[in-house]
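A short worksheet on the structure shown next.
The values are calculated or read from the model by the stated rules, or taken from the named source; none is laboratory data. Source: prediction; values computed, not measured. Glycine also receives a Cβ, built like all others from the backbone with ideal geometry; neighbour counts cover every protein chain displayed.
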Amino acid sequence: MLGTLNLDQHVYIYGAGFAGLSLAYRLKKLGTPFTLYEKEKVGGKISTKLTEYGPVESAASTLYMNAKAENFIQELGLPYLDAQKKLKRWIYKEDGMISPFSLALLTKLFFKMGKHFPSVTESSSVEDIFLPLLGRKYVEELLSPALQGIYGAQAQELHFLSLFPFAQERKFSSYYSFIKFFKSEIKKEAAQKIKGSISFKGGMQTLINRLHEEVKDHIQPLPDNFILKPNTAICTNASDAAQLLEAFEPEIARLLNNIEYRPMTTMSFFMEEEIPELNKSFGMLIPQKYGGPILGIIHQSEVFPSNYSAHCYSVVCKGIVTEEAIFKELKQKFPHLEISNILEHSLKAWETGLPLYNEKRFKAINQIKHVLEEKPGIVLFGNYTDGISLRSMIEKTSSLK
Ligand SMILES: Cc1cc2nc3c(=O)[nH]c(=O)nc-3n(C[C@H](O)[C@H](O)[C@H](O)COP(=O)(O)OP(=O)(O)OC[C@H]3O[C@@H](n4cnc5c(N)ncnc54)[C@H](O)[C@@H]3O)c2cc1C
């Protein structure tokens, strides 16, 4: 969250995606009066289409838990579905799929842990830091696919300090000391009962509906003209925030326009028969060296079986992609897959799918923070400010006092 609000006065929130909704919910809890304005649809990117075979998500399909997320869900009194544990995770290889944690990798890591930790600069990418440890092969075949699964971007595109902010204040002598510190930071977090990821009966829309229910009395129709009133929180994506602020805060608008987004497409499909290669697995990540648009496939019906009456797979792609291109790559990866046996499918494309956590974003955010120090009563909040996941947004709003 960039900037500060006066929580003793009325707050004007623009945008009722997950960021705006979680902020509004927190203000309600704190007893702060607020108005929530939404341009299109409450829930923003998150929505669930219910089909006879189970839910289809348009963006987030899970909420990854920590203690704050657990409190949030318990406070809402929402029954949840635990993701199945112990599912296999696969990485695609041309000559068959591999498990990400092979013996060869673990042996390599064991012997290289004592290696000198590279010096971190303001422009270090995640690849710069982990290449000496993992080598090119494992960066391409393991680290980048795993990061693509979260950030929609590869190790060389992602900014190290944005993903590991604690490394800004500390120096590490070896990879071992880095990992040890990282683990100790995680251990410091409050204990939690719900581990891993969760979803809900009826999918993520259930969470949105519950939040909507809490704040609906504060939702007002969007005024024709935007006026930047004191104590305004803009909870849209960076480019929409820039548009709103252009006439009032042109410097902030200019900086917001430096934040880049990755277009993304997601397609979910249902089948009676299973894709055998994905049996008992969470799904599969695909290294980009294989050239297709698909970044990964989530086996939704294996992760949350009680939500589904047929096998459900969600394919996540970089860029705006047609269903023909997705089917073509699926057929190439799984030659036995009969496209004609697909019972139902649904495609959703996002021009501003995910913000790119690159150096440009890092610099823009730091400069905006600096400008906003002099301008209390303006807040910017969304998946480009504090972290890409819903959990990061909950963490941020829960700590408002
Ligand atoms: C394919 C995909 C899969 C994902 N999977 C996961 C996952 O499994 N788990 C997870 O934690 N995260 C996941 N994410 C990320 C997560 O879905 C997003 O980070 C989150 O939904 C973004 O919420 P937001 O409120 O920041 O933005 P948005 O959802 O974009 O909401 C912004 C809102 O602002 C409104 N708005 C715009 N302009 C104005 C205006 N002028 N006035 C008023 N309102 C305005 C918009 O209409 C919109 O409703 C995924 C994202 C994608 C794309």
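Suppose we filter the stretch 287-319 for residues that are more than 18 Å from the chain's Cα centre (by Cα) and in contact (Cβ under 8 Å) with a residue 24 or more places away in the chain; how many remain? Counting residues in the stretch 287-319 that are more than 18 Å from the chain's Cα centre (by Cα) and in contact (Cβ under 8 Å) with a residue 24 or more places away in the chain gives 18.
Just one of (1) more than 26 Å from ASN358 (Cβ to Cβ); (2) in contact (Cβ under 8 Å) with a residue 24 or more places away in the chain; (3) of a type in the set (Ser, Thr, Tyr) fails for SER102. It is (2). Taking the condition surrounded by 18 or more Cβ atoms within 10 Å (Cβ to Cβ), modelled with pLDDT of 95 or more, out of contact with any Lys or Arg (no Cβ under 6 Å at 6 or more places or on another chain) and not β-branched (Val, Ile, Thr), does ALA247 pass? No: the conditions fail for ALA247.
Taking the listed residues ILE320, ILE326, the one that is touching a Cys at 6+ places or on another chain (Cβ under 9 Å), over 14 Å from TYR92 (Cβ atoms) and either modelled with pLDDT of 95 or more or outside the structural domain of MET267 (by TED's automatic domain parsing) (or both) is ILE326, with no other qualifying. Somewhere in the stretch 227-241, is a residue without any contact (Cβ under 8 Å) to a residue 24 or more places away in the chain and part of a helix (DSSP H, G or I)? Taking every residue of the stretch 227-241 in turn, none turns out to be without any contact (Cβ under 8 Å) to a residue 24 or more places away in the chain and part of a helix (DSSP H, G or I). Inspect all residues belonging to the stretch 70-84 and state whether any of them is at pLDDT below 90 and loosely packed, with under 14 Cβ neighbours inside 10 Å. The answer is no, given that none of the residues of the stretch 70-84 is at pLDDT below 90 and loosely packed, with under 14 Cβ neighbours inside 10 Å. Among the conditions (1) on the phi > 0 side of the Ramachandran plot; (2) at pLDDT below 95, PRO221 misses just one, which is (1).
Per-residue answers, yes or no, for (1) near the ligand (Cβ under 9 Å from one of its atoms); (2) touching a Ser or Thr at 6+ places or on another chain (Cβ under 9 Å):
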| residue | (1), (2) |
| --- | --- |
| TYR14 | yes, yes |
| ARG26 | no, yes |
| PRO33 | no, no |
| TYR37 | yes, no |
| ILE46 | yes, yes |
| LYS49 | no, yes |
| GLY54 | no, yes |
| SER58 | yes, yes |
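Do we have PHE282 as surrounded by 16 or more Cβ atoms within 10 Å (Cβ to Cβ), in the same structural domain as GLN332 (by TED's automatic domain parsing) and either out of contact with any Pro (no Cβ under 7 Å at 6 or more places or on another chain) or modelled with pLDDT of 95 or more (or both) here? In short, yes. Kindly indicate whether HIS336 is within 21 Å of SER61 (Cβ to Cβ) and either more than 14 Å from the ligand (Cβ to nearest atom) or not assigned by TED's automatic domain parsing to the domain that holds ALA146 (or both). So HIS336 does not fit the description; no.
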